[in-house]
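The values are calculated or read from the model by the stated rules, or taken from the named source; none is laboratory data. Remember, it's a predicted structure, so these values are computed and weren't measured experimentally. Glycine gets a Cβ as well: all are built from the backbone with ideal geometry, and neighbour counts include every protein chain shown. Only protein heavy atoms, including side chains, enter the accessible area calculation; ligands, DNA and RNA are left aside. Shrake-Rupley method; radii C 1.70, N 1.55, O 1.52, S 1.80 Å.
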Amino acid sequence: DREWVSFCEKFLKQPELTRALGFADNMERLSHRAQLDKIIERRFSELSCQVAMQELEAAGLAYGRLNEVADVSKHPHVRRVEIGTPEGSVETIAPAAIFNYEQPSLRPVPALGAHTEAVREEVLGLLRDRAASA
């Protein structure tokens, strides 16, 4: 309930909610979840993501952020590696796990069409094998 009071007073800017019928304790809030969600959504819709996080932080409230893919890619804890391409080197997200303390070997990105003939031969071979066994 301490978090609820801080949330109402410092973030929602509605201290009266802490005593309001339907919101005074957790069981009441659960029973009025749809109504409470609308109140909270309204407040979040008024703020940019950055401002909302600043206000929650300033209020000492726990929060989590849902990142866009681009945000995840830029996160400082994401390891990046350089990999070769036909157009030159590019930086990309590194593989997630390292096993046995061995860095995975990353091969260069092939040029467009570099494996086309090998793939065609493999597929045609499979089709020939399937036709021969039918």
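Quick look at the values:
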item: Longest DSSP-loop-exposure-free segment, chymotrypsin sites (Phe, Trp or Tyr not before Pro), the chain, at most 14 other Cβ within 10 Å; result: 1-62
item: Inter-label distance, nm, simple model (7 Å from Cα along the C-beta direction), S6/A58; result: 1.5
item: Cα centroid separation, region 87-126 to region 11-32 (Å); result: 55
item: Computed [θ] at 222 nm, deg cm²/dmol, the chain (DSSP H ≥ 4; -39,500 (n - 2.57); rounded to nearest 500); result: -12500 deg cm²/dmol
item: In region 10-81, the trypsin sites (Lys or Arg not before Pro) that fall in loop regions by DSSP, at most 11 other Cβ within 10 Å; result: K13, R19, R65, R79
item: Overall Cα dimensions of the chain - principal axes, largest extent first, Å; result: 77, 43, 33
item: Karplus-derived 3J(HN,Hα), 6.51/-1.76/1.60, for each residue of region 71-77, Hz, glycine and proline x; result: 5, 4, 4, 8, 4, x, 8
item: Accessible area (Å², per residue) of region 1-133, counting only protein heavy atoms and a probe of 1.4 Å; result: 80
item: Dipole magnitude of region 87-134, debye to nearest 20 (Cβ charges: Lys/Arg +1, Asp/Glu -1, about Cα centre); result: 200
